[in-house]
Amino acid sequence: MTQPGAKWVLMIFTALLLAAIRHEAAAKDLRQVTEPKIPASCVSLKGNGGDEMATLQKALNSCAKGKVVHLASGTFVSGPLTIPSGVGLWIDSGAVLKASTNAKLYDKGKNLCGTVNKEYNGCNPFIHMVSAVGSGIYGKGTIDGQGGIKLSGKTQSWWDLAHEAKIKKENQNNPFLIEIDNSRDITLYQVTIKNGPNFHVVVSQTYGFTAWGVTIDTPPSAGNTDGIDPAGSQNVTIAHCSISTGDDNIAIKAHNGASKYISILNNHFGRGHGMSIGSDINDGVSDVTVTSLTLHSTDNGLRIKSDRSRGGLVTGITYTDVCMLKVSHPIILDTDYSHTATGNLIPEYKGITFNNIRVLTAGTFTFDGYSDQKPIQVTLNNVHIHKGSKWVTKHAKITGKYVEDASGSSC
C-alpha cells in the first residue's frame, strides 16, 4: 500500500512535470504556422527605373483586400510607401524596388531626416504597415535600401551618417527599411532585402508575424542595420531565413510591451552580431525557442544583453540544435551592456536552456549576472565546444556541463 506521504510527493511531482510540459509547449509561437502562399494579384506593373512612388501608392490604395500589387519586372524607385490593411506587395523574381536617396521624402517635418543630431526618429520608414491585418510582402524579387549610395544633393550616404553619429556620440536620422506597427498576421515571404539605411525589419506591438524564406544581405561595415527586430510583439515565427548584416541578425526587444511566444526555426546567420535578445527588455521577454540555427562568422552567437537602465526579466528561452563556426563570442549573457548605465531596471535572466550546441572554433563564453541575489540561471545539455575556449562566469548558476571536444570545418 502506498503511504499518504508518498501519494502527496507523487501528486506534486506529477503537477510539476505537467507544468513543465505546458511551459515547454508554450515556449514558441502559439499559431500553427505553415509556408505562406502568394495571394492573387489585383494589378501587375513593370518598372522603368524611374520614380514610381505615386504609381505604386495608388495601386496599393486601390487594391482589394486579400490581393497583392504585383511588381512583375524591372526597377522601381520610390519614396515612402504605406501598405494598407489586408493588401500585399508581390515583388517577382528579377524585379527590384529601390528606396529613394532623397532624404526629404522621409522627413517627419523637423528637417532631421538625413542628418546627425542629438534628436532622433526624424524619418518615416520606406515601407510602413500600421494597424494592418493580413498584409504582407511576397516574392523572390529584391528590396534595395541603397544605404551605401550618396544621398541626393549630399556627399554622404546613409551609412556614412551612421558612422559619423557613432564618432560624435549623437544620433543618425535614417529611415527603417520596413516598419510594422500595431498590426496582426503580417507576412514576409521569400523576398531579398538588402542595404538598409537603418534597421531592415522592425516589428512593433504586432500579434502574429511570419518571416519565411527571407534573405537579408548587407555588408558588415554598415552600422545599425539590424536584420529583424520583433519588439513588444507576440506569436512570431522567423523560419528558413538567411541573414547577414552589420548589426544584430535578429534582436528581440521589449521596450514597448512584452515579447513572447516566438519561434526562430531553421535559419542561417552570416555576418552580424548574432541571435540577440535586448538590449531594451523593460517589459520582459519569454517563451522563445531557437531551433536549428547555424552561425558562420558572426561576432556573437547566442546573446542576451541589457543593463540597469533598460533591464527586465528574460525567461523561458530555449536554444536547440545550434552550430557555430568562426564566432568570437558563441554564448554571451551580459547584464552590464553599458558600463555607464544608471537606473533601477535590473536585468534578470533565468530559465535559459542550451540543448545540443556545437561550437567548432574556439571563442569566449560569458555568463555575467548582475548579483548573487539575481544570478544568471542556465542549463547546459549536450554542449560541445572547441578546445582552448575561454569560459567567464560571474553571478551565474550553471546546471550541466560542457565538453571540449567539438571539431570540424563546417556545420
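The values are calculated or read from the model by the stated rules, or taken from the named source; none is laboratory data. These numbers were taken from a predicted model, which means no experiment stands behind them. Heads up, the Cβs are rebuilt from the backbone with ideal geometry, glycines too, and the neighbour counts pull from every protein chain shown.
Miscellaneous remarks
- For the range 122-140, the candidate set comprises residues that are surrounded by fewer than 19 Cβ atoms within 10 Å (Cβ to Cβ) and either closer than 20 Å to Pro219 by Cβ or among the hydrophobic types (A, V, I, L, M, F, W, C) (or both); within that set, the residue that is nearest to the chain's Cα centre (by Cα) is Val130.
- Of everything in the range 175-226 that is acidic (Asp, Glu) and in a strand (DSSP E or B), the residue that is nearest to Asp299 (Cα to Cα) is Asp217.
- Per this entry, Thr393 is counted among residues that are outside any loop (DSSP other than H, G, I, E, B), modelled with pLDDT of 95 or more and more than 26 Å from the chain's Cα centre (by Cα).
- For Asn171, the requirement of being among the polar types (S, T, N, Q), at pLDDT 95 or above, crowded, with 21+ Cβ neighbours inside 10 Å and closer than 19 Å to Gly246 by Cα is not met.
- Restricting Gly141, Gly213, Gly134, Gly147 to residues that are in contact (Cβ under 8 Å) with a residue 12 or more places away in the chain and in contact with a Leu (Cβ under 7 Å, 6 or more places away or on another chain) narrows the list to Gly141.
- Taking first residues from the range 300-323 that are within 22 Å of Asn267 (Cβ to Cβ) and partners that are among the basic types (Lys, Arg) and buried (at least 21 other Cβ atoms within 10 Å of the Cβ), the Cβ contacts under 7 Å between residues at least 6 apart in sequence or on separate chains come to Cys323/Arg358.
- Remark: pairs (first residue in the range 29-52, under 25 Å from Ala64 (Cβ atoms); second residue modelled with pLDDT of 95 or more and among the basic types (Lys, Arg); Cβ separation under 8 Å; 6+ apart in sequence or on different chains) = Pro39/Lys67; Ala40/Lys67; Ser41/Lys67; Cys42/Lys67.
- Annotation: of all residues in the range 98-121 being within 17 Å of Asp160 (Cα to Cα) and small (Gly, Ala, Ser), the one that is nearest to the chain's Cα centre (by Cα) is Ala99.
Yes/no matrix, rows are residues, columns are (1) of a type in the set (Gly, Ala, Ser); (2) crowded, with 16+ Cβ neighbours inside 10 Å; (3) on the phi > 0 side of the Ramachandran plot:
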{"position": "Gly343", "(1), (2), (3)": "yes, no, yes"}
{"position": "Thr353", "(1), (2), (3)": "no, yes, no"}
{"position": "Asp368", "(1), (2), (3)": "no, yes, no"}
{"position": "Lys374", "(1), (2), (3)": "no, yes, no"}
{"position": "His386", "(1), (2), (3)": "no, yes, no"}
{"position": "Thr399", "(1), (2), (3)": "no, no, no"}
{"position": "Tyr402", "(1), (2), (3)": "no, yes, no"}
{"position": "Gly408", "(1), (2), (3)": "yes, no, yes"}
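- Each residue in the range 211-228 was checked for being surrounded by fewer than 24 Cβ atoms within 10 Å (Cβ to Cβ) and under 15 Å from Asn267 (Cα atoms), and 4 pass.
- Candidates Leu151, Leu71 - the one that is of a type outside the set (Phe, Trp, Tyr), closer than 21 Å to Ala165 by Cα and surrounded by 20 or more Cβ atoms within 10 Å (Cβ to Cβ): Leu151
- Any hit, the range 111-118, residues being closer than 20 Å to Val201 by Cβ, crowded, with 21+ Cβ neighbours inside 10 Å and touching a strand residue (DSSP E or B) at 6+ places or on another chain (Cβ under 9 Å): yes
- Residue in the range 226-239 that is among the hydroxyl-bearing types (Ser, Thr, Tyr) and either under 21 Å from Pro330 (Cα atoms) or in contact with a Pro (Cβ under 9 Å, 6 or more places away or on another chain) (or both) present: no
- Condition broken by Ile143, with the remaining ones in (1) part of a loop (DSSP other than H, G, I, E, B); (2) crowded, with 24+ Cβ neighbours inside 10 Å; (3) more than 17 Å from the chain's Cα centre (by Cα) satisfied: (1)
- Residue match in the range 192-206 (condition: in contact (Cβ under 8 Å) with a residue 60 or more places away in the chain, surrounded by fewer than 24 Cβ atoms within 10 Å (Cβ to Cβ) and of a type outside the set (Val, Ile, Thr)): no
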